[in-house]
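Data first, discussion second: the structure below is written as structure tokens.
The values are calculated or read from the model by the stated rules, or taken from the named source; none is laboratory data. None of these values were measured; they are calculated from a predicted model. All Cβ positions, glycine included, derive from the backbone under ideal geometry; neighbour counts span all protein chains shown. All accessible areas refer to the heavy atoms of the entire protein, side chains included, with ligands and DNA or RNA removed. Shrake-Rupley method; radii C 1.70, N 1.55, O 1.52, S 1.80 Å.
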Amino acid sequence: MSILKIARMGHPVLLQPAAAIDPAGIAGDPVLQQLIDDMIETLADAGGVGLAAPQVYQGKRLILAMAPEGRSEGEGAPLHILINPELELTAEPDQLGWEGCLSIPDLRGAVPRSPSLRFHGFDRRGQPVTGEANGFFARVLQHEVDHLDGVLYPMRMKDFRYFGFDEELNRLEAEARAAEGHHDDE
Ligand code: NI
């Protein structure tokens, strides 16, 4: 296993649509299986919640996505490995929430997304998988599938007042909490 280099915004690989993977060849493809293992290690090392193959310079329709318990709105979800993922939005993509991206370090922005969806795809054994996602997990899936279509989250934003450096936004939030009389250790 190895930690892969992550492409940053500005590199053309992030703007190119990724190619579908033949489901019949998934289980027996050692190169693909190695890529999946390396992406899992890369995501864990970076401390992120999702990673798409184009972010590690591989133009393949493969994503990792998870939602840690209690991190944000909606239910938590364990790490999902999805090949050729398809999303069926079951609500309007109009709910604003903060997103960051390993390809756009130190920044975050408020992005409108659907709060619920159904997903379809294949797992790493080549078996079809389907499921429902809500809240933060739905957001992560939409963000990662966008990577497969060459779309980065700033391209989805409507209001650039809600785009900034983590450090500045975290400080503002801490000040707002203090002004409300809350304590950080609650
Ligand atoms: Ni991203």
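Miscellaneous remarks
- A dipole drawn for the chain from +1 and -1 charges on Cβ atoms has a positive end, and of 100, 18, 169 the residue lying farthest that way is 18.
- Within the chain, DSSP assigns beta bridges of which about 95% are antiparallel (rounded to the nearest 5).
- Residue 101 long-range amide H proximity, modeled H, under 5 Å: 107
- Spacing of the modelled spin labels on residue 89 and residue 3, each 7 Å from Cα toward Cβ, amounts to 3.5 nm.
- Database remark: amide H of residue 129 closer than 5 angstrom to the amide H of 121, 122, 123 (H placed geometrically; neighbours at sequence offset of 5 or more, or on other chains; Pro and chain starts carry no H).
- Student exercise, the range 1-150 dipole from Lys, Arg, Asp, Glu Cβ charges, in Debye to nearest 20: 260 debye
- Surface composition of the range 12-185: carbon and sulfur atoms hold 52% of the protein heavy-atom accessible area at a 1.4 Å probe.
- Considering only Cα atoms, the convex hull volume of the range 12-185 works out to 121 Å³ per residue.
- Accessible surface, per residue, of the range 108-186 when the full set of protein chains is kept, probe 1.4 Å, Å²: 55 Å²
- For the chain, the longest principal axis of the C-alpha atoms and the axis of helix 135-148 are separated by about 50°.
- Around the amide H of residue 96, modelled in the peptide plane, lie the amide H atoms of 113, all under 5 Å away and 5 or more residues distant in sequence or on another chain.
- For the chain, the relative contact order comes to 23 percent (Cα pairs under 8 Å, sequence separation of at least 6).
- The range 111-140 and the range 65-86: distance between their alpha carbon centers, rounded to Å: 8 Å
- Calculated FRET value between residue 130 and residue 41, using beta carbons and R₀ = 22 Å, to 0.05: 0.25
- Most to least packed among 41-47, 137-143, 159-165 [average Cβ atoms within 10 Å]: 137-143, 41-47, 159-165
- Over the chain, dividing the summed -39,500 (n - 2.57) contributions of all DSSP H runs of at least 4 residues by the number of residues returns a 222 nm mean residue ellipticity of -8000 deg cm²/dmol.
- Along the axis of the charge dipole computed for the chain (Cβ charges of +1 for Lys and Arg, -1 for Asp and Glu, origin at the Cα centre), the listed residues 78, 179, 150 are led at the positive end by 150.
- Shape class of the range 100-148 from the alpha-carbon gyration tensor: oblate, with a/c at 1.5 or above and b/c at least as large as a/b.
- If you take all other residues with their beta carbon under 15 Å from the beta carbon of residue 27, and give Lys and Arg +1 and Asp and Glu -1, the sum is -2.
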